[in-house]
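Just below is one structure, and these are the notes that go with it.
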Amino acid sequence: MRTEPFTGPSGERIPVVRTRRWGRLAAAAVAILVVGWLVYVMVVNPRLHWDKVAEYLFHDRILDGIWVTIEISVLATVLGLLLGVGMAILRLSHNPVLSGLATLYIWFFRGTPVLVQLIFWYNLAFLFPELVLKIPFTMIGVKWDTNEVMTGFTAAMLGLGLNLAAYFAETVRAGIQAVDKGQTEAAYALGMTPAKRMRVIVLPQALRIIIPPTGNEFISMLKTTSLVYVVAGHDLMTNASQIYKANNLIMELLIVASLWYMLMTAIATFLQSRLERRFGSDAVRLVRGGGRGARLLSKAAA
Amino acid sequence: MRTEPFTGPSGERIPVVRTRRWGRLAAAAVAILVVGWLVYVMVVNPRLHWDKVAEYLFHDRILDGIWVTIEISVLATVLGLLLGVGMAILRLSHNPVLSGLATLYIWFFRGTPVLVQLIFWYNLAFLFPELVLKIPFTMIGVKWDTNEVMTGFTAAMLGLGLNLAAYFAETVRAGIQAVDKGQTEAAYALGMTPAKRMRVIVLPQALRIIIPPTGNEFISMLKTTSLVYVVAGHDLMTNASQIYKANNLIMELLIVASLWYMLMTAIATFLQSRLERRFGSDAVRLVRGGGRGARLLSKAAA
Amino acid sequence: QSLDGGSTEADSAGAAPAVTLDQAPAEEKAADVINAITPDESLAAKVPAKLKSDGLKVVSSIGYPPMELYASDGKTAIGFDPALARAIARKLGVKVTITDEEFNSQIPGVLTGRYDFVISSMTDSPERQKQVTFVDYVQAGAGMIVKKGNPAGVNGPADLCGKTVSVVDNGSSMELAEQYSADCEKSGKKAVNLLKFPGDQEALLQVTGGRAQATITDYVVAAYKLDDPKLDIEAIALEGTESPWGIGMKPDNQQLIDSVKGALDSLIASGEYGKLLAAWNLDKLAVQSAVINGGK
Amino acid sequence: MSPVVHATGVRMSYGDTQVLNGVDFAVAPGEVSCVIGPSGSGKSTFLRCVNGLEPVLGGSLRVLGEEVGYSLREGRYRPWSPKEFASFRRRIGMVFQRFNLFAHQSALENVACAPVHVLGLPAEQARRTAMDHLERVGLAEHAHKRPHQLSGGQQQRVAIARALAMSPELMLFDEPTSALDPELVDEVLEVMRGLAADGMTMVVVTHEIAFAREVGDRLTFFADGVVVESGPPAELVANPGHERTRAFLSSVLSQREKAG
Amino acid sequence: MSPVVHATGVRMSYGDTQVLNGVDFAVAPGEVSCVIGPSGSGKSTFLRCVNGLEPVLGGSLRVLGEEVGYSLREGRYRPWSPKEFASFRRRIGMVFQRFNLFAHQSALENVACAPVHVLGLPAEQARRTAMDHLERVGLAEHAHKRPHQLSGGQQQRVAIARALAMSPELMLFDEPTSALDPELVDEVLEVMRGLAADGMTMVVVTHEIAFAREVGDRLTFFADGVVVESGPPAELVANPGHERTRAFLSSVLSQREKAG
Ligand SMILES: Nc1ncnc2c1ncn2[C@@H]1O[C@H](COP(=O)(O)OP(=O)(O)OP(=O)(O)O)[C@@H](O)[C@H]1O
Ligand SMILES: Nc1ncnc2c1ncn2[C@@H]1O[C@H](COP(=O)(O)OP(=O)(O)OP(=O)(O)O)[C@@H](O)[C@H]1O
Ligand SMILES: [Mg+2]
Ligand SMILES: [Mg+2]
């Protein structure tokens, strides 16, 4: 704001008063009071055994569960992203059959609950006791016991990964379509084939649009993994609930699990913002931002 | 493609052959075969009782469950959207306390599993047997029995709505920030106050960015409602599982539930695309799209 | 409204107006027995006032036949536990509502006062006694379900070593399976490979799908499932596993605990309890008297 | 008559970059004041200061009789609230280089928007007046079109009508034709000529020297955040007093002379 | 020598809108052919057809000795595969109005991209050659900058270097300077003058009549999807044969004459 006083008609200095925004201050004070009160009421609540929370925070089974949660989330996200890129490209293909199938895939996997998909894959043996891959009209082929192939881990990967892929396909498609048409034209004009253009020019730029929702999906995947209890998986939430089922410290163990989820979310959010900064809109600006943007950038780099 | 033949040097017509894209055709054929085979194998599977699927498809409890699912999803989405807009505006506020609190809210509710939040609200009486709203240092106020206020329905609304609001807040913020700065300047230059500018100019344009993710959130909310089983809710998935607990037809009832979810998803997707067409990027184009866009628009309107 | 008025219409019980008692639903196998029960005047006089005004609020996790299941309308709870709850309510001369909750939401529901008691095939265990007080109403044992013909040759706990067994990841059958596994290891054999599931249907699916060789559950439930030809299974009782199941109530509500215990004792003495069990083909589960917190 | 705009020693910076280094500038009522200068010299920034869109850091900037951003009370200057800023800006019309029409509203809605939402006129009356203003800029038959359905020149004319609908006492134009295709420039300049003829007080940042010479009462040359020189347009173009002015004018005119 | 571009009766439409209505046009090797015409007359579309970016619907368009989009085999024309299109376009450089630099790559990477990914040159060699091309357009010291850190004129010069790096036999320019601030136009035209002097065959859509007169061997006037007339630039500007041409030229030149 203004740093110097005004000069009056006869050369005298007229001071500038600083305004206090009373409304703002009041709003802030009320908000802080409410939050503080909520925290206080939780902390001193005689019905919550905070000593138990502390005791179980680093319980072995909780730590095991965290590990499983992270492992499954990361792998399912990677699988979902790879498949999602493929589906997005199919969906944008000019071949009506392929793009129709991709649409069907997306609709099907977005349309059915993950829980059902997990139960379906895990219990595939109920429908098909053996998985047979053979050359038609011959006796040559391979055969597996479905239950041996479809472990809880495989089922979790398939259930979560295929489902996520359907959501990612839409995200990636939006990202691809958001890349300026001029980029594609320039690539073609330089003699690139459609595939090369996609790989070298379009996908790297689509990252900008893809990263933020991917971060969100990953964060919500951290919590979706709790569904693996139906495939006998032992993620954080399942383990926490098994503990409270035994000792009935429901609220305490939910707090333990929540604290860990919040920590994981905070870390994921941090990583997401790092990625966004690295590949985000600033790095892939399409129009010249003027002196200002350039200056900010070079400052950030310094 | 080209509609007429070429003319040779001596005036004769040289025909153009149409190319068949064999690769494409083959890919399409394989894809259709695989999907068809999967469907066939499911349909003829002797362990699936399709007659039972048909029987339960319109079972009273399934229909009741669908109604509950839709009701809760719609209400929670509306609540989440309203709160989310508020949080987004707070988050963008210049007041560091308010924007900090909004950030805290978003992080907290994104960070904790919905399941935990549902259990927490439903069992609020465990922590606070009575809800008291009174004027400090007096005896005047109102008091409710927590269990009477916090029915399963209220808990579901709060749990799902507050959680969704945290996700929407980010979406709405992105939408607001995506509105061209020039719009804000023009609004200010015409003498609008910040609040009026937000309501009259910015939010209506932010809709364009907000609608697609809102559709996605609604679709995934349809399935998230299945968590209301912990607050004694009877949504589609819960009712289906209660039926199979009694009659052991687990796969069949999962298929029934999935069919309904797919139908609801299809309808929601359709409505989403209608909304997108109404409020979407075409309607709120920022740069002049040339004759083409205008022509497409007037065609669509005709 | 003033807050210090203490506006609770305290124990003004007195001569309560006569209530019309609930009739058992038609599909309830013990409906005749229940509808014939009349209030016990001395018990009714001591019933907490809140029960008289609001009725008895019972919670049960429906979906565990024959103990608790839905009638064909999909809304009315029937089975032995609802039958007993209705019988107790009639004995006490109060109305009754039975609500379905997810199994693990039931104890919090009782503790927060949303429900008066839980009756849901709940094993009376010392851990649970820290939260609620039980009036034990049956004595039940565990059983195993295996595929028809018992292809894996599982006849007793000792045969489970090195096999895959699915259980519901909570409560007595899981503890039992863990104990068998420990026994296997003690005797130098391979441990039991335990798969834990949220519900007994998912656990059973592992047996019919061939992933698990057996599932351990309550014997009465296992026996009931035998009647379903689709499943293609047989049940094996596990001897010496009997433990009491209890009606759980908030420990500080002594008046309610006394009323429920009194009602159950009265039902046992009058033989109506036995008829209820017989109606659901569960005579094996009978107890001789209502014991408080009998679980070890 | 006291000047409509009276700047003395106006200073302004974005962070560490000093953009205006003491601008002295005055506009009399009814005057058409044109501003030229190289890119980055602070012309837009100055217009934004006049309108209160950017805060002035030093010097005095009096517009329409008020010290922009401050009211003098009891011997001290008190900063304006957002409401006070809004009612000040209401009195000034501004036209941007990139038009900035409200993208979700038709041409008519764009023009009627501020009268309804800012002045609180009844919708029907506002629409009627809006139609009159659209007529004035020759766009009555395009009233129902969305901005993206209009050509650049048409969009800019709607933007002018939108500003006029608030009956401003002063109009600011920031390079109103530089985003337009050459064939569309004239239709906008024509509207501006009309305004000037009606006696509107205008400050116009422009590269259209021909327009400045024909319509402007005064031409001011900005460079590096200060006013280098100022005078009647024809004189300034013919005999620039400073080397910088001469260099700039010749670079702007060179292309065009070659073309001629 | 046979012409590099030879269009006879080229027709093209977007859906129902007929855009090219039978264009006859030829460019000899080493010729600089300038194209002018009102907005929407199909100039850009024609360039895109020459490059195979849009399919021709009728007539014949022979470029670099090939019928664009078709090969003649056994007495029949067979449409090209995407690969054949790609190797055809490799031989033609194109510069767009909006530069279209790859936003995620530095200037150097932009220039080296196609040689590496299309021609399969080793990365090191491609970078060295790219550096030479950047030097040629005077941007060696900006090689590491991202497009958004460059001015419009600099971006356009990088775009030219990028096209040159493929050693094209024909260069197409679609209004290469019309998105630039007036002061930046000259630096781009300078590079193009250099190219013309080196004997590059060029088709240039432009509004810079001065440039066409100075550098162009031929000036063609497009209107409504046909070539209205064509001739040596100075002659065409001085004595347009058609009323349409005269009207267009006078509207483009009017502003600039007034300024002079
Ligand atoms: N929002 C901003 N933040 C930081 N610097 C800015 C901002 N806007 C403008 N600048 C800088 O302030 C200086 C003056 O900019 P201004 O837009 O006023 O120039 P101008 O004379 O209008 O130029 P032009 O003819 O290009 O419009 C420039 O150096 C510009 O980079
Ligand atoms: N992708 C497209 N789809 C439909 N119509 C189009 C498309 N591109 C251009 N057109 C239309 O084709 C006609 C010719 O456009 P073109 O861009 O070739 O004109 P131009 O002569 O280059 O004009 P300008 O000087 O404005 O660039 C115009 O009417 C335009 O609206
Ligand atoms: Mg400017
Ligand atoms: Mg063009």
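Readers should treat all values here as calculations from the given coordinates under stated rules, not as data from a laboratory. Small disclaimer: the values here were computed from a predicted structure and weren't measured. Because the Cβ atoms are built from the backbone with ideal geometry, glycine has one as well, and the counts that use them run over all protein chains shown.
Observations on the structure shown:
- At R0 = 51 Å, FRET efficiency that the Cβ-Cβ distance of C:Lys230 and E:Asp16 yields, to 0.05: 0.25
- Taking other C-beta atoms within 10 Å as the exposure proxy, C:Val135, A:Val16 rank A:Val16, C:Val135 from fewest upward.
- Peptides ranked, highest mean first, by Cβ atoms within 10 Å: ranges D:7-20, A:101-114, B:110-123: B:110-123, A:101-114, D:7-20
- Taking other residues whose beta carbon is less than 10 angstrom from the beta carbon of D:Ser230, and scoring Lys, Arg as +1 and Asp, Glu as -1, yields -1.
- Take each residue of peptide E:102-113, count the partner chain Cβ atoms within 10 Å of its Cβ, and average: the result is 4.
- Residues of type lysines that A:Lys196 reaches as a straight line, Cα spacing below 19 Å, ignoring anything fewer than 8 places off in the same chain: A:Lys181, E:Lys83
- Counting DSSP beta bridges with both ends in chain C, the antiparallel % (nearest 5): 65 percent
- Other protein chain C-beta atoms within 10 Å of residue C-beta, averaged over C:101-109: 6.
- Label points for D:Ser87 are taken 7 Å from Cα along Cα→Cβ. From this copy to the others they lie 7.6 nm apart, shortest first.
- Shape call, chain C: gyration tensor on alpha carbons, a/c limit 1.5: prolate
- Virtual spin-label span in nm between B:Glu148 and C:Lys296, 7 Å along Cα→Cβ: 4.6 nm
- Neighbours of C:Met144 by Cβ distance under 10 Å: Lys/Arg scored +1, Asp/Glu scored -1, total -2.
- Point-to-point label distance, B:Ala26-B:Phe108, nm (Cα→Cβ direction, 7 Å offset): 6.0 nm
- Near C:Ile107: Cβ cut-off under 12 Å, other residues only, Lys/Arg at +1 and Asp/Glu at -1. The net charge is +2.
- Disulfide-incompatible cysteines by the Cβ rule (no partner under 4.7 Å) in the protein assembly as shown: D:Cys34, D:Cys49, D:Cys113, E:Cys34, E:Cys49, E:Cys113
- When the C-alpha to C-alpha distance is required to be over 25 Å, the pairs from B:Lys245/C:Lys29; A:Lys143/C:Lys147; C:Lys50/C:Lys261; A:Lys143/C:Lys225; D:Lys145/E:Lys43; B:Lys52/C:Lys148 that qualify are A:Lys143/C:Lys225; D:Lys145/E:Lys43.
- Contact order relative to length of chain C, as percent, for alpha carbon pairs under 8 angstrom and 6 or more apart: 24 percent
- Beta bridges assigned by DSSP with both partners in the protein assembly as shown are antiparallel in approximately 65 percent of cases.
- Relative contact order of chain B, defined on C-alpha pairs under 8 angstrom at six or more residues apart (%): 22 percent
- Counting from the shortest, the label point at A:Pro129, 7 Å from Cα toward Cβ, is 5.8 nm from the same position in each remaining copy.
- Rounded if a/c under 1.5, otherwise prolate or oblate - region D:97-168, Cα gyration tensor axes: prolate
- Using a Gaussian network model of chain B in which every pair of alpha carbons under 10 angstrom is joined by a spring, one finds that among B:Leu158, B:Leu63, B:Leu38 the greatest mean-square fluctuation is at B:Leu38.
- Student exercise, the protein assembly as shown dipole from Lys, Arg, Asp, Glu Cβ charges, in Debye to nearest 20: 2620 debye
- Peptides C:276-286, D:157-167 ranked from most to least packed by the mean count of surrounding Cβ atoms within 10 Å: D:157-167, C:276-286.
- For the pair region C:187-258 and region A:85-138, the centres of their Cα atoms are 35 angstrom apart.
- Angle in degrees between helix A:60-91 and the longest Cα principal axis of chain A, rounded to the nearest 10: 80 degrees
- Only Lys, Arg (+1) and Asp, Glu (-1) charged, at Cβ; region E:97-168 dipole about Cα centre in debye: 180 debye
- Its Cα centre serving as origin, chain E has a Cβ charge dipole (Lys and Arg +1, Asp and Glu -1) of approximately 640 debye.
- Annotation: peptides C:55-64, C:78-87, C:237-246, B:256-265, ranked by per-residue average of other Cβ atoms within 10 Å with the highest first, follow the order C:78-87, C:55-64, B:256-265, C:237-246.
- A:Arg18 paired with B:Ala266, simple spin-label distance in nm, labels 7 Å along Cα-to-beta-carbon: 6.5 nm
- In chain A, the longest principal axis of the Cα atoms and the axis of helix A:236-247 are about 80 degrees apart.
- Exam field: A:Tyr40 pseudo-label spacings to other copies (7 Å along Cα-Cβ), nanometres: 7.2
- Across peptide D:91-97, the average count of Cβ atoms from other chains found within 10 Å of a residue's Cβ is 3.
- When the P(r) of chain B is calculated, the portion above 24 Å amounts to 70% of the C-alpha pairs.
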